[in-house]
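Values quoted throughout were computed directly from the atomic coordinates according to the rules given, and no laboratory measurement underlies them. No experiment lies behind these values; they were computed from the predicted model shown. Counting neighbours? That spans all protein chains shown, and the Cβs are built from the backbone with ideal geometry, glycine included.
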Amino acid sequence: MIKNKSLIIDFTLGNGSFFLISDKKTFTKKIKNLDKTEKLPLVFFDFLKKKKLKLDSSFVIYMNVGPGHIISIRNSIVLSKIISLVFGCKLLAFNNFDLLNAKKYKKTKALISLKNQNILLNVKNKNINKIKKEDLAKFKNYKLNLELNIKDIKSLLLKNRFAKKIVPISF
């Protein structure tokens with residue numbers, strides 16, 4: 001079920017995005033090349049201020065816990081928990097395996113390239129392997145852009161399979 005008031009946070013791939021759904025309107029903030037993810041709270045609250053948006057306890061926060069860029073994930077978890085505590089919002093998690101499912105990804109593996117790492121997701125077994133640069137050619141058919149868009153969000157929210165435990169998926 002799609003909530004009227006939702007905040008979706010995804011910084012698993014280094015670049016990131018905020019999606020805020022409020023009263024059937026969607027507001028998006030995509031962030032490319034953020035030099036330090038420690039600045040996420042500043043960027044987020046600046047986004048709210050510019051769009052003149054207000055958060056309250058009726059919002060549900062959905063955040064991506066990975067696998068991906070672990071520092072960005074940890075910093076987005078901190079931001080999500082702060083927002084949840086300050087505004088009294090419910091906090092739920094999804095992961096990149098859920099996102100692949102929402103995108104109706106049919107292959108058994110997915111290669112995700114981060115800034116300085118490549119990881120191979122085994123979609124069937126839900127496990128992760130680091131891939132060395134010299135082995136990238138073997139997995140080129142699995143290369144995937146896993147960025148969130150509004151269609152993916154609607155599909156994720158309709159599936160309604162979220163975890164209450166907010167822990168990053170490391171590799």
Where the centre of each part is set by its Cα atoms, how far does segment 32-66 sit from segment 111-171, in angstrom? 22
Size of the dipole of the chain about the Cα centre, Lys and Arg at +1 and Asp and Glu at -1 on the beta carbon, nothing else charged, in debye to 20? 440
Within segment 71-171, trypsin sites (Lys or Arg not before Pro) in DSSP loop having at most 16 other beta-carbon neighbours inside 10 Å: Lys104, Lys106, Lys107, Lys115, Lys124, Lys126, Lys132, Arg161, Lys164, Lys165
Any idea what % of Cα-Cα pairs in the chain are farther than 21 Å? 46
Which residues qualify? For Leu91, with a placed amide H closer than 5 Å and at least 5 residues away or on another chain, they are Ile61
If neighbour count is taken as other Cβ atoms inside 10 Å, put Ile8, Ile128 in order from fewest to most. Ile128, Ile8
Where in segment 1-36 does the amide nitrogen come within less than 18 Å of the point 7 Å from the Cα of Ser57, taken along Cα to Cβ? 4-7
Unsatisfied cross-links (Cα-Cα over 29 Å) in the set Lys106/Lys159; Lys103/Lys132; Lys54/Lys164; Lys109/Lys154; Lys138/Lys165; Lys36/Lys133: Lys138/Lys165
Gyration tensor on Cα atoms of segment 60-102, a ≥ b ≥ c root eigenvalues, a/c under 1.5 rounded, else prolate if a/b beats b/c, else oblate, says oblate
From the C-alpha gyration tensor of segment 101-143, pull out the three semi-axes of the equivalent ellipsoid (sqrt of 5λ each), sorted largest to smallest, in whole Å. 18, 10, 10
Rg/Rh for segment 28-127, where both radii come from Cα atoms and Rh is the Kirkwood radius: 1.01
Three-way shape call for segment 117-168 based on the alpha-carbon gyration tensor, with the a/c threshold at 1.5: prolate
Magnitude of the charge dipole, segment 1-102, Cβ model with Lys/Arg +1 and Asp/Glu -1, debye to 20: 420
